[in-house]
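Working notes, structure below.
The values are calculated or read from the model by the stated rules, or taken from the named source; none is laboratory data. Computed from a prediction, not measured in an experiment: that's the story for all the values here. Here the Cβ is made from the backbone with ideal geometry for all residues, glycine too, and neighbour counts use every protein chain on show.
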Amino acid sequence: MTTGTSDILTVELGERAYPIVIGAGVLEELRTLLDTAHNKGTVGIVTDAQVGPLYADRVKRLVVDTGRSVSVHVMPGGEKHKRLERIEEICGSFLADGLDRTSIIIALGGGVVGDIAGFAAACFMRGIPFIQIPTTIVAQVDSSVGGKTGVNHPLSKNSIGAFHQPDAVLIDMALLQTLPDRELRAGLAEVIKHGVIADADLFAYMENESARILAKDSEALKRPILDSCRIKAGVVAADEKEHGLRANLNYGHTFGHAIEAVTKYETYLHGEAIAIGMHAAALLAQELGMVDAGFVARQRACIAAYGLPTTWPDLPVEETLAAMRKDKKVRSGTMKFILAEAMGRVVQRTDVPEDIVRGALDAVRRD
Ligand code: NAD
Ligand code: GLY
């Protein structure tokens, strides 16, 4: 459905269904979302030290326009701050500012803020509603939709958390204009992922439109964001708690999460690690006879067109394999891989011999 400048998708979860409002300059629609929300109390905004100074005042004014009180909590930005301590700090500042069971939390920022604020909303007063206002590509095409919230533990990424669906997701593509170039490129890895797992046309669009997309042309960016949200909303509606289909969204992540862990989250942004991980997954699928060299080259060229890495010459293969065995996707010692059969179609495999996995990691190093 299209309303004026915004498109609206719905995540179909029965009584917990929620809208994703998408467009350039649609931030003002926050007023309508708040006016129609069931909870009428004080609004708590969670943002980080980079996004806050850019957009928190505008969001605060929109909240005040609805006649509500507002409290803003600014946390330090970045993956290393995605820790349980932040939840206590957020709850503390919202308790001090009078938030209660009638309140709503707004997550204003990238995936780190969204995951933390969502988890705070899941815990505060045993659960209050929240609205996602994502400001990075990663958050606009992936993390703001689907209700996975949480923080990292030093021993394992995203290992403390809850499923807590937002009440609405408000995606204003105009907010991307201030996003640093490296963050933009890293986020686009997740769009390429959506093309490979579910939509060959989206993949072809990403191949053909890299120049306009990298120039942040709003018209060019609209399709990747809309299509990604449509794909993600469909998967989440079919398999909210990841009993099956939802794992397809982890294409490239079995390798990618291990790469992030081995490099202590300091070398690669999430999307950059996923880019290398997708290339490793393609090499593995080729080794297993599922795709040909043409598929691998095509996916690689598309990743490279966005300035993303596909190799890591110093990759410590054994350490990476050990990190893969520790990933929370491993069940009863069996690694799960999402592997392509064709562009736009993947399958889940738990039967891949470790020496073939080792071979794929070796190939990523030599490539
Ligand atoms: P991020 O939240 O750290 O944001 C990246 C950087 O960009 C930060 O420094 C931030 O301050 C800055 N920034 C954000 N928006 C900006 C803007 N509009 N203008 C200027 N600067 C801006 O990183 P991310 O890539 O958005 O998210 C990564 C996180 O998302 C990871 O923790 C990952 O685990 C999580 N994630 C969660 C899910 C999920 O389903 N919940 C899915 C994918 C990723
Ligand atoms: N980003 C993976 C998921 O939401 O399931």
Exercise. Based on what the data block shows, is GLU260 within 13 Å of ligand 1 (Cβ to nearest atom) and more than 24 Å from GLY78 (Cβ to Cβ)?
Worked result: no
For this session: Report the residue count in region 123-157 for those that are more than 15 Å from ligand 2 (Cβ to nearest atom), modelled with pLDDT of 95 or more and among the small types (Gly, Ala, Ser).
Result: 1
For this session: Could you name every one of the strands (runs of 3 or more DSSP E) located completely within region 1-116 that has at least 1 residues being out of contact with any helix residue (DSSP H, G or I) (no Cβ under 7 Å at 6 or more places or on another chain) and of a type in the set (Phe, Trp, Tyr)?
Result: 18-23
Exercise. Across region 215-233, what is the total count of residues that are among the acidic types (Asp, Glu), part of a helix (DSSP H, G or I) and more than 16 Å from ligand 2 (Cβ to nearest atom)?
Worked result: 1
Problem set entry | Residue list for region 173-188, filter: of a type outside the set (A, V, I, L, M) and under 16 Å from the mean Cα position of the chain (by Cα) | ARG182, GLU183, ARG185, GLY187
Exercise. Of all residues in region 286-301 being among the aliphatic types (A, V, I, L, M) and part of a helix (DSSP H, G or I), which is surrounded by the most Cβ atoms within 10 Å (Cβ to Cβ)?
Worked result: VAL296
For this session: For VAL236, state whether it is in contact (Cβ under 8 Å) with a residue 60 or more places away in the chain, within 12 Å of ligand 2 (Cβ to nearest atom) and either of a type in the set (Asp, Glu) or in contact with a Leu (Cβ under 8 Å, 6 or more places away or on another chain) (or both).
Result: yes
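Each row is one residue, and each column tells you yes or no for (1) closer than 25 Å to VAL317 by Cβ; (2) in a helix (DSSP H, G or I).
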residue: ALA237; (1), (2): no, yes
residue: ALA258; (1), (2): yes, yes
residue: THR267; (1), (2): yes, no
residue: LEU284; (1), (2): yes, yes
residue: ILE303; (1), (2): yes, yes
Exercise. Are there any pairs, at least 6 apart or on different chains, whose C-beta atoms fall under 6 Å, with the first in region 107-123 and within 19 Å of PRO180 (Cα to Cα) and of a type in the set (A, V, I, L, M) and the second part of a helix (DSSP H, G or I) and more than 16 Å from ligand 2 (Cβ to nearest atom), and if so, which?
Worked result: LEU108/VAL59
Exercise. Looking at this structure, is ALA340 surrounded by 17 or more Cβ atoms within 10 Å (Cβ to Cβ), at pLDDT 90 or above and outside any loop (DSSP other than H, G, I, E, B)?
Worked result: yes
Problem set entry | Exclusive hit being crowded, with 24+ Cβ neighbours inside 10 Å and within 16 Å of ligand 2 (Cβ to nearest atom), set GLY114, GLY109 | GLY114
Seminar exercise, completed: Filtering region 165-191 down to residues that are within 13 Å of ligand 2 (Cβ to nearest atom) and either without any contact (Cβ under 8 Å) to a residue 40 or more places away in the chain or in a loop (DSSP other than H, G, I, E, B) (or both) yields GLN165, PRO166
Exercise. Looking at region 282-298, is at least one residue within 19 Å of the chain's Cα centre (by Cα), more than 13 Å from ligand 1 (Cβ to nearest atom) and in contact (Cβ under 8 Å) with a residue 40 or more places away in the chain?
Worked result: no
Exercise. Would a scan of region 150-159 turn up a residue that is of a type outside the set (Ser, Thr, Tyr), in a helix (DSSP H, G or I) and within 30 Å of MET290 (Cβ to Cβ)?
Worked result: no
Problem set entry | Residue match in region 124-131 (condition: touching a Gly at 6+ places or on another chain (Cβ under 8 Å), in contact (Cβ under 8 Å) with a residue 24 or more places away in the chain and within 11 Å of ligand 1 (Cβ to nearest atom)) | no
For this session: Within region 59-69, identify whether any single residue is within 16 Å of ligand 2 (Cβ to nearest atom) and either in contact with a Gly (Cβ under 6 Å, 6 or more places away or on another chain) or of a type outside the set (A, V, I, L, M, F, W, C) (or both), and answer yes or no.
Result: no
Problem set entry | Filter result (at pLDDT below 95 and hydroxyl-bearing (Ser, Thr, Tyr)) within region 189-238 | SER218
